[in-house]
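Input: a single structure, listed below in structure tokens.
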Amino acid sequence: MSHILAKSAYKSLEERLNRFPQGAPASDTLYKILAILFSEKEAVLVAQLPIKPFTARKAAAIWRMPEPEARKILGDLASRCILMDMESSKETRYLLPPPMAGFLEFSMMRTRNDIDQKLLAELFYQYMNVEEDFVKELFFSTETRLGRVFVNESVLDVGNTVQILDFEKASHIIETAEHMGIGMCYCRHKMEHVGKNCHAPIDDICMTFGDAADALIRHDYARSVDASEGMEILHRAYDYNLIQCGENVQNGVSFICNCCGCCCEALVATKKFGNLHPVETSGFLPVLNSDTCIGCGKCEKACQIEVIKMKQLNGEKVPVIDENVCLGCGLCVRACPNKSLLLKSTGKKVITPSTSVHRVVLMAIEKGMLQELIFDNKALFSHRAMAAILSSILKMSPIKKAMASEQMRSVYLRKLIESQKI
């Protein structure tokens, strides 16, 4: 009987996770992961939490318990970075982050003794690298991508440096961040426990920013660094031939991971699923000057996603690049000793969501889940949240606005959209 109740608790939690666009497909492996991270009681309580940020007072009302008791439970969950606690001068607000980028990663961003991290890593590997439903859902279920590639700025020539926008530069994110945390690489830490990690750094390598960084720093899941040290870490990542993958937004980027092709989920997915592009590309492609290429093959070795192959053409050994899969990171250009590779703009217009809210709303529309964001039945409607969602919808293309209106069948929303045509 207790086993049935436990399964029911984690099933309810799984259903709550899947009310958000970045969910987690059900499986026995997922339930085992959740059972390590949440007690049965916590699973039942967290399953009732709203999607939008909430206060301890709101949680107490939902859970029907005194506010001090609710605050204690929320504080314990936040101390383990299952919930994000966002502090302000007025009051602390809480948020259940998505599984990824979110609390699954946070569980492996430092060495811990309160849980069996080896077992957890083995379950993560089974869930993400063997079963694959989670990875496919995370990276391919919407047209709008969770992440995007930042070009390696050290290889940009003057012309490209002028053309590239500030939000496309990892250096700009680092130099302007209000809070910046540096922590352990979840992916390589996971792979270390299953004996498959590479030589790239595990500690002090992955970056978080803003409210997420502030919470991770306060709970010792990340170390606070300034812009100067942040730039040193970025150049250390360049030296280890790592690709910078960050949140796919223009403003308020919450993370930049320094990724390898053997351990990191997004790049492993890129190698497996080719031109489906699990992350948004940089907008650049490497172009070969065959007259100066010496056929050394260093570009092939540098490519983290194995899209460069050395082949014999007209009696010469030259690199052939699969442009349909290439991320445009520039690692091959950096590796070329003869400067025979240059980055050129693809000319393709890539639409990057303006904020995290904009991205999530786009993803929700594309999955037919917009109503979950707006009509969150676990909390009274937040005018602030509604304003942010509507603002994001009104910035979208006519097609996306129509999709949103159809999903909501809302007279109010339709009139707002139509008023923009005047």
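Whether a residue is at pLDDT 95 or above, hydroxyl-bearing (Ser, Thr, Tyr) and not in a strand (DSSP E or B) was assessed, and SER171 does not pass this test. Only one of the numbered conditions (1) in contact with a Leu (Cβ under 9 Å, 6 or more places away or on another chain); (2) within 21 Å of GLY252 (Cα to Cα) is violated by HIS193, and that is (2). Scanning region 234-249 for residues that are in a loop (DSSP other than H, G, I, E, B), surrounded by fewer than 24 Cβ atoms within 10 Å (Cβ to Cβ) and not polar (S, T, N, Q) returns TYR240, VAL249.
Residue-by-condition table, conditions (1) within 27 Å of LEU83 (Cβ to Cβ); (2) at pLDDT 95 or above; (3) assigned to a strand (DSSP E or B):
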{"residue": "GLY181", "(1), (2), (3)": "yes, yes, yes"}
{"residue": "ASP211", "(1), (2), (3)": "yes, no, no"}
{"residue": "GLU229", "(1), (2), (3)": "no, yes, no"}
{"residue": "GLU232", "(1), (2), (3)": "no, yes, no"}
{"residue": "ASN251", "(1), (2), (3)": "yes, no, no"}
{"residue": "VAL268", "(1), (2), (3)": "no, no, no"}
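In the set (1) touching a helix residue (DSSP H, G or I) at 6+ places or on another chain (Cβ under 6 Å); (2) without any contact (Cβ under 8 Å) to a residue 60 or more places away in the chain; (3) crowded, with 22+ Cβ neighbours inside 10 Å, CYS259 fails one condition alone, (2). At least 2 residues being within 17 Å of CYS187 (Cβ to Cβ) and at pLDDT 95 or above is the threshold, and among the helices (runs of 4 or more DSSP H) wholly inside region 55-124 those reaching it are 117-124.
None of VAL155, VAL130, VAL194, VAL135 is among the hydrophobic types (A, V, I, L, M, F, W, C), surrounded by 20 or more Cβ atoms within 10 Å (Cβ to Cβ), more than 16 Å from the chain's Cα centre (by Cα) and over 25 Å from ASP226 (Cβ atoms) except VAL155.
If you go through region 265-279 one residue at a time, do you hit one that is among the polar types (S, T, N, Q) and within 25 Å of THR352 (Cα to Cα)?
At the first step, the residues of region 265-279 found to be among the polar types (S, T, N, Q) are 270, 275.
Subset that is within 25 Å of THR352 (Cα to Cα): 270, 275.
Yes, that holds for at least one residue.
For region 315-355: of the residues being under 21 Å from ILE294 (Cβ atoms) and assigned to a loop (DSSP other than H, G, I, E, B), which is farthest from the chain's Cα centre (by Cα)? Before you say what the answer is, go through the steps one by one.
To start, the set of residues in region 315-355 that are under 21 Å from ILE294 (Cβ atoms) comprises 315-321, 330-344.
If we keep only those that are assigned to a loop (DSSP other than H, G, I, E, B) as well, we get 315, 330, 336-340.
Working: GLY315: 44, GLY330: 21, CYS336: 30, PRO337: 33, ASN338: 35, LYS339: 33, SER340: 33 Å.
Residue satisfying both the conditions and the ranking: GLY315.
Within the set THR111, THR176, THR92, THR144, the sole residue that is among the polar types (S, T, N, Q) and buried (at least 21 other Cβ atoms within 10 Å of the Cβ) turns out to be THR144.
In this structure, is ARG64 surrounded by fewer than 19 Cβ atoms within 10 Å (Cβ to Cβ) and free of Cβ contacts under 8 Å to residues at least 12 places away in the same chain? Considered against the rule, which asks whether it is surrounded by fewer than 19 Cβ atoms within 10 Å (Cβ to Cβ) and free of Cβ contacts under 8 Å to residues at least 12 places away in the same chain, ARG64 comes out as yes.
Residues that are crowded, with 21+ Cβ neighbours inside 10 Å, in contact with a Pro (Cβ under 8 Å, 6 or more places away or on another chain) and in contact (Cβ under 8 Å) with a residue 24 or more places away in the chain: does region 26-49 have at least one? No; the residues of region 26-49 include none that is crowded, with 21+ Cβ neighbours inside 10 Å, in contact with a Pro (Cβ under 8 Å, 6 or more places away or on another chain) and in contact (Cβ under 8 Å) with a residue 24 or more places away in the chain.
Select, from GLN312, GLN304, the only residue that is in contact (Cβ under 8 Å) with a residue 60 or more places away in the chain and either within 26 Å of THR142 (Cβ to Cβ) or not in a loop (DSSP other than H, G, I, E, B) (or both). If you could, list the steps in order and put the result at the bottom.
Numbers: GLN312 fails: in contact (Cβ under 8 Å) with a residue 60 or more places away in the chain.
Unique residue meeting the criteria: GLN304.
Given the condition in contact (Cβ under 8 Å) with a residue 60 or more places away in the chain, over 20 Å from ALA335 (Cα atoms) and either of a type outside the set (A, V, I, L, M) or surrounded by fewer than 22 Cβ atoms within 10 Å (Cβ to Cβ) (or both), answer yes or no: does some residue in region 284-293 qualify? Before you say what the answer is, go through the steps one by one.
Let us first name the residues in region 284-293 that are in contact (Cβ under 8 Å) with a residue 60 or more places away in the chain, namely 284-285.
Right, trim to over 20 Å from ALA335 (Cα atoms) and you get none.
No: zero hits.
Determine whether ILE164 is more than 17 Å from the chain's Cα centre (by Cα), hydrophobic (A, V, I, L, M, F, W, C) and assigned by TED's automatic domain parsing to the domain that holds GLY261. The answer is yes for ILE164.
The values are calculated or read from the model by the stated rules, or taken from the named source; none is laboratory data. Just so you know, these numbers come straight off a predicted model, no measurement behind them. Cβ coordinates were reconstructed from backbone atoms using ideal geometry, including for glycine residues, and neighbour counts include every protein chain displayed.
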